[in-house]
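The structure appears right after this line, and notes come after that.
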Amino acid sequence: CTGFIFQKVGKLAATAVGGGFFLLQIANHTGYIKVDWNLVQRDVNKAKQQLKFHSTGNKMPPEVKSKADEVIIFLKKNVILTGGFAGGFLLGMAS
């Protein structure tokens, strides 16, 4: 059931996001929206600098690592539940 619902919601979400981008482009083209490209470029450059700074360490933050470890422990302890869910999810996505 989860895979089937995920598939349907995913298609709906993709349609909504794509339609939203399409409407924004139309609004920009007709003049309802004006984009400050200098501000966009400045923000993109700032984001690039932050990515370069974070990628140099190559380490996950401790809170992310602890959550990932918790998930792995749960999956290992509940292999049957995890396998059944994964199989059902994939079958639901395929239908």
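Could you name every one of the helices (runs of 4 or more DSSP H) located completely within segment 1-93 that has at least 1 residues being touching a helix residue (DSSP H, G or I) at 6+ places or on another chain (Cβ under 9 Å)?
2-30, 62-77
Of all residues in segment 70-87, count the ones that are exposed (fewer than 11 other Cβ atoms within 10 Å of the Cβ) and under 23 Å from the mean Cα position of the chain (by Cα).
Of the residues in segment 70-87, 3 are exposed (fewer than 11 other Cβ atoms within 10 Å of the Cβ) and under 23 Å from the mean Cα position of the chain (by Cα).
Which numbered condition trips up residue 2, out of (1) open to solvent by 70 Å² or more (accessible area, probe 1.4 Å); (2) among the β-branched types (Val, Ile, Thr); (3) at pLDDT 85 or above?
(3)
Could we say that residue 36 is surrounded by 10 or more Cβ atoms within 10 Å (Cβ to Cβ), modelled with pLDDT under 90 and of a type in the set (Asp, Glu) here?
For residue 36, the condition - surrounded by 10 or more Cβ atoms within 10 Å (Cβ to Cβ), modelled with pLDDT under 90 and of a type in the set (Asp, Glu) - is not met.
The values are calculated or read from the model by the stated rules, or taken from the named source; none is laboratory data. Keep in mind it's a predicted model, so treat the numbers as computed, not measured. Quick reminder, even Gly has a Cβ in these numbers, built from the backbone with ideal geometry, and neighbours come from all protein chains shown. Just the protein is used for accessible areas: all its heavy atoms, side chains included, with ligands, DNA and RNA removed. Shrake-Rupley method; radii C 1.70, N 1.55, O 1.52, S 1.80 Å.
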